[in-house]
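Down below is the structure, laid out as structure tokens.
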Amino acid sequence: MERDCVLMFKFTYIAMHQCASCVSLFLPTEVHCLISADETVRFQNIENQLTGQLFQLEKRLTSLKNENYEISKSRDALQNIVYSQKEDIAVLDSLIDKLDFPENQTNSNYGPVTQSEIDNSDGRHTKRRIIYPRQSRVNSPAFYVYMSTIEVSPGPHHTLIFNSVITNIGNAYNQYTGIFTVPSNGMYVLSYTITSDSGANIPVEIVKNAGVIGSLLTRAYSIYRHSVSSTVVVSMNAGDVCYVRTSGSGATTSGNIFSGTEARTSFTGWRIE
């Protein structure tokens, strides 16, 4: 009996020892597998979150691209309206110039409305046009103007405004619109000088009415500035308009147009016959 108990104890000890070895052998691997599964789920959740955020950003980017496209269309439409209005203003200025009256000219038809005229109007309003005396246009107009400051990053078809007026005989040049309105038929000389700022590429053209009659390109390298001049001789009629603008095709406009005491960006013209 005692021997059987001893044998049973030995067998139990050996069995327990073997089971403990099994636990120590297999438990770390099972725990490791469980941890790896948890990490996989966590990474998948993070990946799903990032994918959702990326999708939202792509939608936002598409929306911004569409908005930018619509803004560009509106900008182009407004620029066309501005160009059209400038031409209309120039034509109206020309028509006004044609309504010159000598200073000593009077016309009773433009006097004040009398009571009898009001009584005989059958209730209709009598419209009157008041024309103030104007000085006669000069037959030999001439102008010289330049930019007082740098023109920063002008876009395509941007009309250059030469706001500093040195000479403007006949007042045919408008310093606010940059447009020269031809006061009388004849042959004209038009010249313009453009200075590109450091690293700038500036293509420019001179326009008569809606047609380009001359062009130039000035390109400055590195830290240097570069000036180019162009001159045209052209026959024009009263009411024609001329102005200088950046080009809208061909070379791309980039950088600034420089104008300073050492190099003036300028525009000049005069009638020769």
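The values are calculated or read from the model by the stated rules, or taken from the named source; none is laboratory data. Just so it is clear, the structure is predicted and the values come from calculations on it, not from any experiment. Ideal geometry is used to build each Cβ from the backbone, glycine not excepted, and the neighbour counts take in all protein chains shown. SASA here: full protein model, heavy atoms, side chains in, ligands and nucleic acids out. Shrake-Rupley method; radii C 1.70, N 1.55, O 1.52, S 1.80 Å.
What are the residues in region 240-262 that are touching a strand residue (DSSP E or B) at 6+ places or on another chain (Cβ under 7 Å), farther than 15 Å from His157 by Cβ and in a loop (DSSP other than H, G, I, E, B), if any?
If the condition is that a residue be touching a strand residue (DSSP E or B) at 6+ places or on another chain (Cβ under 7 Å), farther than 15 Å from His157 by Cβ and in a loop (DSSP other than H, G, I, E, B), then Asp240, Gly255, Asn256, Ser259 are the ones that fit.
If you go through region 154-167 one residue at a time, how many are open to solvent by 40 Å² or more (accessible area, probe 1.4 Å) and either modelled with pLDDT under 95 or touching a strand residue (DSSP E or B) at 6+ places or on another chain (Cβ under 7 Å) (or both)?
First, the residues of region 154-167 that are open to solvent by 40 Å² or more (accessible area, probe 1.4 Å): 156-158, 161, 163, 165-167.
So of that shortlist, the ones also either modelled with pLDDT under 95 or touching a strand residue (DSSP E or B) at 6+ places or on another chain (Cβ under 7 Å) (or both) come out as 156-158, 165-167.
Counting residues in region 154-167 that are open to solvent by 40 Å² or more (accessible area, probe 1.4 Å) and either modelled with pLDDT under 95 or touching a strand residue (DSSP E or B) at 6+ places or on another chain (Cβ under 7 Å) (or both) gives 6.
Residues of region 132-149 being assigned to a loop (DSSP other than H, G, I, E, B), surrounded by 15 or more Cβ atoms within 10 Å (Cβ to Cβ) and either modelled with pLDDT of 85 or more or at positive phi (or both), which ones?
From region 132-149, those assigned to a loop (DSSP other than H, G, I, E, B) are 132-141, 147-149; that's our starting set.
Filter again for surrounded by 15 or more Cβ atoms within 10 Å (Cβ to Cβ), leaving 137, 141, 147.
Across region 132-149, the qualifying residues are Pro141, Met147.
Just to be sure before I move on: is Val165 of a type in the set (A, V, I, L, M, F, W, C), free of Cβ contacts under 8 Å to residues at least 24 places away in the same chain, assigned to a strand (DSSP E or B) and closer than 22 Å to Ile272 by Cα in the structure I sent?
Taking the combined requirement at face value, the residue satisfies it.
Are any residues in region 199-212 within 19 Å of Gly178 (Cβ to Cβ) and surrounded by 15 or more Cβ atoms within 10 Å (Cβ to Cβ), and if so, which ones? Give the steps one after another, and end with the answer.
Initial filter on region 199-212 (within 19 Å of Gly178 (Cβ to Cβ)): 202-212.
Listed by number, the residues that qualify are Ile202, Pro203, Val204, Glu205, Ile206, Val207, Lys208, Asn209.
Could you list, in sequence order, the residues of region 229-252 that are of a type in the set (Val, Ile, Thr) and open to solvent by less than 30 Å² (accessible area, probe 1.4 Å)?
Val232, Val234, Val241, Val244, Thr246
Cβ-Cβ below 6 Å, separation at least six or inter-chain, first residue in region 69-87 and in a helix (DSSP H, G or I), second surrounded by 10 or more Cβ atoms within 10 Å (Cβ to Cβ): which pairs?
Listed by first residue and then by second, the contacts come to Lys86/Thr177.
With the checklist (1) of a type in the set (Gly, Ala, Ser); (2) modelled with pLDDT of 85 or more; (3) touching a strand residue (DSSP E or B) at 6+ places or on another chain (Cβ under 6 Å) in hand, flag the one item Ser63 doesn't pass.
Tallying (1) of a type in the set (Gly, Ala, Ser); (2) modelled with pLDDT of 85 or more; (3) touching a strand residue (DSSP E or B) at 6+ places or on another chain (Cβ under 6 Å), Ser63 fails exactly one: (3).
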